[in-house]
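Since the structure comes first, as C-alpha coordinates, the remarks are kept for the end.
The values are calculated or read from the model by the stated rules, or taken from the named source; none is laboratory data. In this text the structure is predicted, and so the values were computed from the model without any measurement. Counting neighbours? That spans all protein chains shown, and the Cβs are built from the backbone with ideal geometry, glycine included.
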(Lines give C-alpha, C1' and ligand atoms only; values in the text may rest on other atoms or scores of the structure.)
Protein backbone atom coordinates (compact mmCIF):
# COMPACT_ATOMS: atom_id res chain seq x y z
CA UNK A 1 0.00 0.00 0.00
CA UNK A 2 2.74 2.48 0.93
CA UNK A 3 4.51 2.00 -2.41
CA UNK A 4 1.26 2.76 -4.25
CA UNK A 5 0.81 5.90 -2.19
CA UNK A 6 4.32 7.10 -3.04
CA UNK A 7 3.73 6.41 -6.75
CA UNK A 8 0.44 8.31 -6.76
CA UNK A 9 1.95 11.30 -4.99
CA UNK A 10 4.76 11.39 -7.56
CA UNK A 11 2.18 11.31 -10.35
CA UNK A 12 0.25 14.16 -8.79
CA UNK A 13 3.43 16.20 -8.53
CA UNK A 14 4.92 15.46 -11.93
CA UNK A 15 2.07 15.08 -14.43
CA UNK A 16 0.63 18.60 -14.06
CA UNK A 17 4.03 20.06 -14.98
CA UNK A 18 3.24 19.09 -18.55
CA UNK A 19 0.55 21.77 -18.48
CA UNK A 20 2.53 24.85 -19.37
CA UNK A 21 1.16 28.35 -19.04
CA UNK A 22 -0.11 29.80 -22.30
CA UNK A 23 -1.03 33.44 -22.70
CA UNK A 24 -2.32 35.54 -25.55
CA UNK A 25 -0.11 38.47 -24.62
CA UNK A 26 3.59 39.21 -24.32
CA UNK A 27 2.86 40.56 -20.83
CA UNK A 28 2.22 38.04 -18.06
CA UNK A 29 -1.31 38.04 -16.71
CA UNK A 30 -0.05 39.48 -13.42
CA UNK A 31 1.07 42.65 -15.23
CA UNK A 32 -1.61 43.18 -17.89
CA UNK A 33 -3.52 45.86 -15.99
CA UNK A 34 -0.47 47.95 -15.13
CA UNK A 35 0.81 47.64 -18.69
CA UNK A 36 -2.54 48.78 -20.10
CA UNK A 37 -2.87 51.81 -17.85
CA UNK A 38 0.75 52.84 -17.55
CA UNK A 39 2.33 51.74 -20.81
CA UNK A 40 -0.18 51.67 -23.64
CA UNK A 41 -1.70 55.15 -23.30
CA UNK A 42 0.25 57.52 -25.56
CA UNK A 43 -0.70 60.72 -27.34
CA UNK A 44 -0.20 61.98 -30.86
CA UNK A 45 2.61 64.38 -31.70
CA UNK A 46 1.54 68.06 -31.71
CA UNK A 47 0.99 69.59 -35.16
CA UNK A 48 4.15 70.55 -37.03
CA UNK A 49 5.09 74.18 -36.45
CA UNK A 50 2.87 74.54 -33.39
CA UNK A 51 5.82 75.21 -31.14
CA UNK A 52 4.61 72.73 -28.52
CA UNK A 53 6.99 69.99 -27.35
CA UNK A 54 6.33 66.30 -27.99
CA UNK A 55 3.54 64.90 -25.82
CA UNK A 56 3.51 61.30 -26.98
CA UNK A 57 4.52 59.92 -23.60
CA UNK A 58 3.97 62.78 -21.18
CA UNK A 59 1.01 61.11 -19.46
CA UNK A 60 2.94 58.00 -18.50
CA UNK A 61 2.62 58.08 -14.69
CA UNK A 62 5.59 59.02 -12.61
CA UNK A 63 6.49 57.38 -9.30
CA UNK A 64 3.60 58.97 -7.41
CA UNK A 65 0.93 58.57 -10.07
CA UNK A 66 1.58 54.89 -10.69
CA UNK A 67 0.56 53.87 -7.18
CA UNK A 68 -3.20 53.56 -7.69
CA UNK A 69 -3.20 51.28 -10.77
CA UNK A 70 -0.17 49.35 -9.53
CA UNK A 71 -1.63 48.65 -6.08
CA UNK A 72 -5.01 47.80 -7.61
CA UNK A 73 -3.33 45.20 -9.81
CA UNK A 74 -1.22 43.93 -6.91
CA UNK A 75 -4.25 43.48 -4.67
CA UNK A 76 -6.14 41.49 -7.31
CA UNK A 77 -3.33 39.11 -8.26
CA UNK A 78 -2.32 38.53 -4.63
CA UNK A 79 -5.83 37.49 -3.58
CA UNK A 80 -6.46 35.41 -6.68
CA UNK A 81 -3.28 33.39 -6.05
CA UNK A 82 -4.50 32.39 -2.56
CA UNK A 83 -8.25 32.02 -3.15
CA UNK A 84 -9.73 29.38 -0.75
CA UNK A 85 -9.93 25.79 -1.98
CA UNK A 86 -12.13 23.01 -0.64
CA UNK A 87 -10.86 20.76 2.13
CA UNK A 88 -8.50 17.97 1.06
CA UNK A 89 -9.24 15.82 4.14
CA UNK A 90 -10.81 12.42 3.53
CA UNK A 91 -14.51 11.93 4.12
CA UNK A 92 -14.14 8.49 5.72
CA UNK A 93 -12.29 8.13 9.02
CA UNK A 94 -11.61 4.91 10.92
CA UNK A 95 -10.42 3.86 14.37
CA UNK A 96 -9.39 0.43 15.60
CA UNK A 97 -12.05 -1.19 17.81
CA UNK A 98 -10.34 -3.77 20.06
CA UNK A 99 -13.72 -5.20 21.07
CA UNK A 100 -14.30 -6.56 17.57
CA UNK A 101 -10.67 -6.58 16.40
CA UNK A 102 -11.25 -4.46 13.32
CA UNK A 103 -11.49 -0.87 12.10
CA UNK A 104 -14.83 0.91 12.31
CA UNK A 105 -15.93 4.37 11.21
CA UNK A 106 -15.21 6.96 13.88
CA UNK A 107 -18.00 9.37 12.89
CA UNK A 108 -21.38 9.16 11.22
CA UNK A 109 -20.70 12.23 9.07
CA UNK A 110 -18.42 12.56 6.03
CA UNK A 111 -16.64 15.69 7.24
CA UNK A 112 -16.73 19.40 6.38
CA UNK A 113 -16.18 20.92 2.95
CA UNK A 114 -14.21 24.12 3.62
CA UNK A 115 -12.89 23.41 7.09
CA UNK A 116 -11.12 20.58 8.93
CA UNK A 117 -12.10 18.12 11.66
CA UNK A 118 -9.79 16.55 14.22
CA UNK A 119 -10.18 12.87 13.31
CA UNK A 120 -7.67 11.20 11.00
CA UNK A 121 -8.44 8.65 8.27
CA UNK A 122 -6.87 5.69 10.15
CA UNK A 123 -3.67 3.64 10.09
CA UNK A 124 -2.75 2.40 6.61
CA UNK A 125 -5.91 3.92 5.19
CA UNK A 126 -5.65 5.86 1.96
CA UNK A 127 -7.94 8.22 0.12
CA UNK A 128 -7.78 10.09 -3.15
CA UNK A 129 -10.09 12.75 -4.47
CA UNK A 130 -10.51 16.04 -6.16
CA UNK A 131 -12.72 19.08 -6.39
CA UNK A 132 -13.47 21.59 -9.11
CA UNK A 133 -14.48 25.19 -8.58
CA UNK A 134 -15.32 28.02 -10.94
CA UNK A 135 -15.01 31.68 -9.94
CA UNK A 136 -16.21 34.63 -12.00
CA UNK A 137 -14.94 37.74 -10.23
CA UNK A 138 -17.27 40.72 -10.55
CA UNK A 139 -16.45 43.33 -7.89
CA UNK A 140 -13.50 44.92 -6.12
CA UNK A 141 -14.17 46.66 -2.80
CA UNK A 142 -17.83 46.70 -3.76
CA UNK A 143 -17.26 48.34 -7.17
CA UNK A 144 -18.23 46.54 -10.36
CA UNK A 145 -15.07 45.66 -12.31
CA UNK A 146 -16.91 44.76 -15.53
CA UNK A 147 -18.62 48.03 -16.51
CA UNK A 148 -15.99 50.78 -16.26
CA UNK A 149 -16.68 51.84 -12.67
CA UNK A 150 -12.98 51.43 -11.79
CA UNK A 151 -11.23 54.70 -12.74
CA UNK A 152 -7.70 56.04 -12.54
CA UNK A 153 -6.34 59.47 -13.42
CA UNK A 154 -2.96 60.12 -15.03
CA UNK A 155 -1.30 63.47 -14.52
CA UNK A 156 0.99 65.26 -16.93
CA UNK A 157 4.72 64.98 -16.40
CA UNK A 158 6.59 68.16 -15.60
CA UNK A 159 7.99 69.67 -18.81
CA UNK A 160 8.86 73.08 -17.42
CA UNK A 161 5.75 74.22 -15.57
CA UNK A 162 3.75 74.99 -18.73
CA UNK A 163 0.03 75.61 -18.44
CA UNK A 164 -1.09 72.54 -20.38
CA UNK A 165 0.35 70.30 -17.66
CA UNK A 166 -3.00 70.81 -15.90
CA UNK A 167 -4.75 68.41 -18.27
CA UNK A 168 -5.45 64.82 -17.16
CA UNK A 169 -6.07 61.51 -18.82
CA UNK A 170 -8.96 59.66 -17.19
CA UNK A 171 -9.03 55.88 -17.58
CA UNK A 172 -12.08 53.66 -17.06
CA UNK A 173 -11.24 49.99 -16.61
CA UNK A 174 -13.50 47.09 -17.55
CA UNK A 175 -12.23 43.58 -16.90
CA UNK A 176 -13.49 40.02 -16.96
CA UNK A 177 -11.51 37.71 -14.70
CA UNK A 178 -12.31 34.02 -14.31
CA UNK A 179 -10.56 31.07 -12.74
CA UNK A 180 -11.19 27.35 -12.94
CA UNK A 181 -9.37 25.11 -10.47
CA UNK A 182 -9.30 21.34 -10.26
CA UNK A 183 -7.49 20.24 -7.10
CA UNK A 184 -6.27 16.65 -6.84
CA UNK A 185 -5.47 15.32 -3.39
CA UNK A 186 -4.26 12.17 -1.66
CA UNK A 187 -3.97 11.30 2.05
CA UNK A 188 -2.37 8.36 3.84
CA UNK A 189 -2.66 7.32 7.47
CA UNK A 190 0.81 6.53 8.76
CA UNK A 191 -0.61 5.73 12.19
CA UNK A 192 -4.02 6.06 13.81
CA UNK A 193 -3.00 9.57 14.84
CA UNK A 194 -0.91 10.86 11.92
CA UNK A 195 -1.93 11.56 8.32
CA UNK A 196 0.24 12.87 5.51
CA UNK A 197 -1.08 14.20 2.23
CA UNK A 198 -0.60 16.28 -0.86
CA UNK A 199 -2.90 18.59 -2.83
CA UNK A 200 -2.13 19.60 -6.41
CA UNK A 201 -4.24 22.40 -7.95
CA UNK A 202 -4.49 22.51 -11.74
CA UNK A 203 -5.66 25.94 -12.78
CA UNK A 204 -6.96 27.87 -15.77
CA UNK A 205 -7.16 31.66 -15.56
CA UNK A 206 -8.56 34.06 -18.16
CA UNK A 207 -8.29 37.84 -18.09
CA UNK A 208 -9.86 40.23 -20.60
CA UNK A 209 -9.29 43.91 -19.86
CA UNK A 210 -10.33 47.09 -21.67
CA UNK A 211 -9.34 50.65 -20.79
CA UNK A 212 -11.23 53.66 -22.16
CA UNK A 213 -8.91 56.66 -21.92
CA UNK A 214 -10.27 60.21 -22.15
CA UNK A 215 -8.35 63.48 -22.26
CA UNK A 216 -9.79 65.73 -19.57
CA UNK A 217 -9.08 69.25 -20.80
CA UNK A 218 -8.86 71.16 -17.56
CA UNK A 219 -6.19 73.61 -18.75
CA UNK A 220 -6.68 73.47 -22.51
CA UNK A 221 -9.85 73.92 -24.57
CA UNK A 222 -11.90 71.64 -26.80
CA UNK A 223 -11.61 74.17 -29.63
CA UNK A 224 -9.05 76.71 -30.72
CA UNK A 225 -5.24 76.55 -30.80
CA UNK A 226 -4.86 74.65 -27.52
CA UNK A 227 -7.17 71.82 -28.56
CA UNK A 228 -4.43 70.19 -30.64
CA UNK A 229 -1.93 70.00 -27.79
CA UNK A 230 -3.35 66.78 -26.37
CA UNK A 231 -4.97 64.29 -28.74
CA UNK A 232 -4.74 60.58 -29.32
CA UNK A 233 -3.42 59.24 -32.63
CA UNK A 234 -6.17 60.00 -35.16
CA UNK A 235 -7.06 63.31 -33.53
CA UNK A 236 -9.69 62.21 -31.01
CA UNK A 237 -10.00 62.85 -27.30
CA UNK A 238 -10.99 59.27 -26.44
CA UNK A 239 -9.26 55.98 -27.15
CA UNK A 240 -10.05 52.37 -26.21
CA UNK A 241 -7.28 49.81 -25.76
CA UNK A 242 -7.57 46.17 -24.79
CA UNK A 243 -5.44 43.24 -23.78
CA UNK A 244 -6.32 39.69 -22.84
CA UNK A 245 -4.73 36.40 -22.03
CA UNK A 246 -5.18 33.01 -20.46
CA UNK A 247 -2.94 30.59 -18.64
CA UNK A 248 -3.20 26.96 -17.63
CA UNK A 249 -0.97 24.85 -15.46
CA UNK A 250 -0.08 23.54 -12.07
CA UNK A 251 -0.65 25.83 -9.12
CA UNK A 252 1.15 25.88 -5.78
CA UNK A 253 1.38 22.31 -4.46
CA UNK A 254 0.47 21.81 -0.79
CA UNK A 255 2.17 19.14 1.34
CA UNK A 256 0.36 18.34 4.56
CA UNK A 257 0.82 16.64 7.90
CA UNK A 258 -1.92 16.14 10.51
CA UNK A 259 -1.55 14.97 14.12
CA UNK A 260 -4.59 13.99 16.19
CA UNK A 261 -3.04 14.61 19.61
CA UNK A 262 -6.12 14.58 21.86
CA UNK A 263 -8.79 11.99 21.19
CA UNK A 264 -12.42 12.15 22.14
CA UNK A 265 -15.28 10.05 20.84
CA UNK A 266 -15.93 11.38 17.36
CA UNK A 267 -13.36 14.16 17.58
CA UNK A 268 -10.88 15.86 19.89
CA UNK A 269 -8.01 18.15 19.01
CA UNK A 270 -5.55 18.03 16.12
CA UNK A 271 -2.76 20.13 14.64
CA UNK A 272 -2.15 20.52 10.90
CA UNK A 273 0.92 21.81 9.09
CA UNK A 274 0.51 22.81 5.43
CA UNK A 275 3.55 23.73 3.35
CA UNK A 276 2.53 25.54 0.18
CA UNK A 277 5.35 25.35 -2.35
CA UNK A 278 5.93 27.93 -5.13
CA UNK A 279 5.35 25.54 -8.03
CA UNK A 280 2.80 27.72 -9.85
CA UNK A 281 3.73 30.34 -12.44
CA UNK A 282 3.31 33.57 -10.50
CA UNK A 283 3.67 35.69 -13.66
CA UNK A 284 0.41 34.19 -14.91
CA UNK A 285 -1.67 34.10 -11.71
CA UNK A 286 -1.09 30.39 -11.11
CA UNK A 287 0.92 30.76 -7.91
CA UNK A 288 2.23 33.10 -5.22
CA UNK A 289 5.93 32.97 -6.08
CA UNK A 290 6.87 32.13 -2.48
CA UNK A 291 6.68 29.38 0.14
CA UNK A 292 3.92 29.58 2.72
CA UNK A 293 3.51 27.57 5.91
CA UNK A 294 0.15 27.30 7.68
CA UNK A 295 -0.22 25.99 11.22
CA UNK A 296 -3.84 25.10 11.99
CA UNK A 297 -5.39 23.89 15.24
CA UNK A 298 -8.58 21.91 14.90
CA UNK A 299 -11.24 21.00 17.40
CA UNK A 300 -14.27 18.84 16.65
CA UNK A 301 -16.82 16.64 18.33
CA UNK A 302 -19.79 14.49 17.50
CA UNK A 303 -23.24 14.59 19.08
CA UNK A 304 -25.18 11.84 17.35
CA UNK A 305 -26.00 13.28 13.91
CA UNK A 306 -24.42 16.69 14.57
CA UNK A 307 -20.65 17.18 14.36
CA UNK A 308 -19.46 20.74 15.02
CA UNK A 309 -15.88 21.87 14.35
CA UNK A 310 -13.71 24.95 14.76
CA UNK A 311 -10.35 25.86 13.15
CA UNK A 312 -7.85 28.56 14.10
CA UNK A 313 -4.52 29.03 12.35
CA UNK A 314 -1.83 31.30 11.02
CA UNK A 315 -0.09 31.34 7.63
CA UNK A 316 3.51 32.52 7.40
CA UNK A 317 4.50 33.90 3.99
CA UNK A 318 7.85 34.61 2.44
CA UNK A 319 8.46 37.44 -0.01
CA UNK A 320 7.19 36.71 -3.49
CA UNK A 321 9.66 36.54 -6.37
CA UNK A 322 7.04 38.46 -8.37
CA UNK A 323 6.87 42.15 -7.37
CA UNK A 324 3.27 42.28 -8.61
CA UNK A 325 2.24 39.92 -5.77
CA UNK A 326 2.05 41.11 -2.18
CA UNK A 327 2.20 37.83 -0.27
CA UNK A 328 1.39 38.56 3.36
CA UNK A 329 0.90 36.53 6.52
CA UNK A 330 -2.68 35.43 7.16
CA UNK A 331 -4.82 34.75 10.19
CA UNK A 332 -7.16 31.89 9.29
CA UNK A 333 -10.29 30.68 11.02
CA UNK A 334 -13.34 28.55 10.27
CA UNK A 335 -16.29 27.11 12.11
CA UNK A 336 -19.35 25.10 11.27
CA UNK A 337 -21.01 21.76 11.51
CA UNK A 338 -21.85 18.60 9.63
CA UNK A 339 -25.25 17.02 9.92
CA UNK A 340 -25.65 13.33 9.11
CA UNK A 341 -29.10 13.63 7.56
CA UNK A 342 -29.06 9.97 6.51
CA UNK A 343 -26.51 7.13 6.58
CA UNK A 344 -25.40 8.08 3.07
CA UNK A 345 -25.92 11.85 3.19
CA UNK A 346 -24.14 14.58 5.14
CA UNK A 347 -25.16 18.23 4.96
CA UNK A 348 -22.39 20.75 5.67
CA UNK A 349 -22.28 24.41 6.67
CA UNK A 350 -19.13 26.46 7.30
CA UNK A 351 -18.05 30.02 7.96
CA UNK A 352 -14.53 30.60 6.63
CA UNK A 353 -12.47 33.71 7.32
CA UNK A 354 -9.05 35.03 6.40
CA UNK A 355 -7.27 38.19 7.43
CA UNK A 356 -4.43 39.28 5.14
CA UNK A 357 -2.17 40.83 7.74
CA UNK A 358 -0.93 44.37 7.06
CA UNK A 359 -1.68 43.95 3.37
CA UNK A 360 -3.20 47.41 3.14
CA UNK A 361 -6.46 48.18 1.40
CA UNK A 362 -7.53 50.34 -1.48
CA UNK A 363 -10.34 52.72 -0.58
CA UNK A 364 -12.01 55.21 -2.90
CA UNK A 365 -11.14 58.75 -1.86
CA UNK A 366 -11.57 62.21 -3.44
CA UNK A 367 -8.48 63.56 -5.18
CA UNK A 368 -8.10 67.25 -6.05
CA UNK A 369 -6.32 68.32 -9.26
CA UNK A 370 -5.28 71.95 -9.70
CA UNK A 371 -4.79 73.67 -13.07
CA UNK A 372 -4.21 77.05 -14.71
CA UNK A 373 -5.41 77.91 -18.22
CA UNK A 374 -3.51 79.73 -20.96
CA UNK A 375 -5.39 82.89 -19.93
CA UNK A 376 -4.06 82.53 -16.37
CA UNK A 377 -7.36 81.44 -14.82
CA UNK A 378 -6.79 78.96 -11.95
CA UNK A 379 -9.16 76.25 -10.87
CA UNK A 380 -9.46 72.74 -9.50
CA UNK A 381 -11.45 69.56 -10.14
CA UNK A 382 -12.11 66.68 -7.78
CA UNK A 383 -12.33 63.07 -8.91
CA UNK A 384 -12.72 59.88 -6.89
CA UNK A 385 -9.89 57.36 -7.14
CA UNK A 386 -8.60 54.37 -5.18
CA UNK A 387 -5.92 55.27 -2.64
CA UNK A 388 -3.84 53.07 -0.37
CA UNK A 389 -4.88 52.76 3.27
CA UNK A 390 -2.88 50.96 5.96
CA UNK A 391 -4.34 47.95 7.71
CA UNK A 392 -5.39 44.37 7.09
CA UNK A 393 -7.91 43.00 4.63
CA UNK A 394 -10.65 40.76 6.05
CA UNK A 395 -12.62 38.32 3.93
CA UNK A 396 -15.40 36.05 5.19
CA UNK A 397 -17.14 33.31 3.22
CA UNK A 398 -20.14 31.10 3.92
CA UNK A 399 -20.21 27.56 2.57
CA UNK A 400 -23.19 25.26 2.31
CA UNK A 401 -23.34 21.88 0.64
CA UNK A 402 -23.61 18.11 0.89
CA UNK A 403 -21.64 14.87 0.65
CA UNK A 404 -23.37 11.81 -0.75
CA UNK A 405 -22.20 8.20 -0.59
CA UNK A 406 -23.60 6.43 -3.71
CA UNK A 407 -21.60 3.22 -3.33
CA UNK A 408 -18.95 1.64 -1.13
CA UNK A 409 -16.46 4.34 -0.03
CA UNK A 410 -17.12 6.79 -2.86
CA UNK A 411 -18.31 10.28 -1.97
CA UNK A 412 -19.77 12.89 -4.29
CA UNK A 413 -19.98 16.47 -2.98
CA UNK A 414 -21.46 19.78 -4.01
CA UNK A 415 -21.03 23.18 -2.35
CA UNK A 416 -21.56 26.88 -2.80
CA UNK A 417 -18.95 29.35 -1.51
CA UNK A 418 -20.53 32.75 -0.90
CA UNK A 419 -18.57 35.89 0.12
CA UNK A 420 -20.10 37.82 3.01
CA UNK A 421 -17.91 40.94 2.73
CA UNK A 422 -17.06 43.35 -0.08
CA UNK A 423 -13.37 43.41 0.76
CA UNK A 424 -10.94 42.85 -2.10
CA UNK A 425 -11.72 40.91 -5.26
CA UNK A 426 -15.06 39.11 -5.05
CA UNK A 427 -17.14 36.57 -6.96
CA UNK A 428 -20.85 36.44 -6.23
CA UNK A 429 -21.09 32.67 -5.78
CA UNK A 430 -18.42 30.02 -6.35
CA UNK A 431 -19.80 26.53 -7.11
CA UNK A 432 -17.65 23.58 -6.04
CA UNK A 433 -18.11 19.92 -6.92
CA UNK A 434 -15.90 17.04 -5.88
CA UNK A 435 -15.33 13.36 -5.22
CA UNK A 436 -13.47 11.30 -2.66
CA UNK A 437 -12.65 7.58 -2.59
CA UNK A 438 -11.22 5.72 0.40
CA UNK A 439 -9.23 2.46 0.32
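Key figures
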item	result
Strands (runs of 3 or more DSSP E) wholly inside region 118-234 containing at least 2 residues that are in contact (Cβ under 8 Å) with a residue 12 or more places away in the chain, in contact with a strand residue (DSSP E or B) (Cβ under 6 Å, 6 or more places away or on another chain) and more than 30 Å from residue 249 (Cβ to Cβ)	150-155, 168-189, 194-216
Test: residue 145 is under 26 Å from residue 428 (Cβ atoms), at pLDDT 90 or above and in contact with a helix residue (DSSP H, G or I) (Cβ under 6 Å, 6 or more places away or on another chain)	no
Residue tally, condition under 14 Å from residue 205 (Cβ atoms) and either at pLDDT 95 or above or over 20 Å from the mean Cα position of the chain (by Cα) (or both), over region 283-301	0
Residue list for region 366-392, restricted to those being in contact with a helix residue (DSSP H, G or I) (Cβ under 8 Å, 6 or more places away or on another chain) and closer than 30 Å to residue 114 by Cβ	386
Filtered residues of region 170-187 (kept if in contact with a helix residue (DSSP H, G or I) (Cβ under 6 Å, 6 or more places away or on another chain) and either under 19 Å from residue 113 (Cβ atoms) or modelled with pLDDT of 95 or more (or both))	184, 186
Selection within region 111-145 - closer than 16 Å to residue 69 by Cα and over 17 Å from the mean Cα position of the chain (by Cα)	none
Residue under evaluation residue 381, criteria (1) at pLDDT 95 or above; (2) surrounded by 20 or more Cβ atoms within 10 Å (Cβ to Cβ), criterion not met	(2)
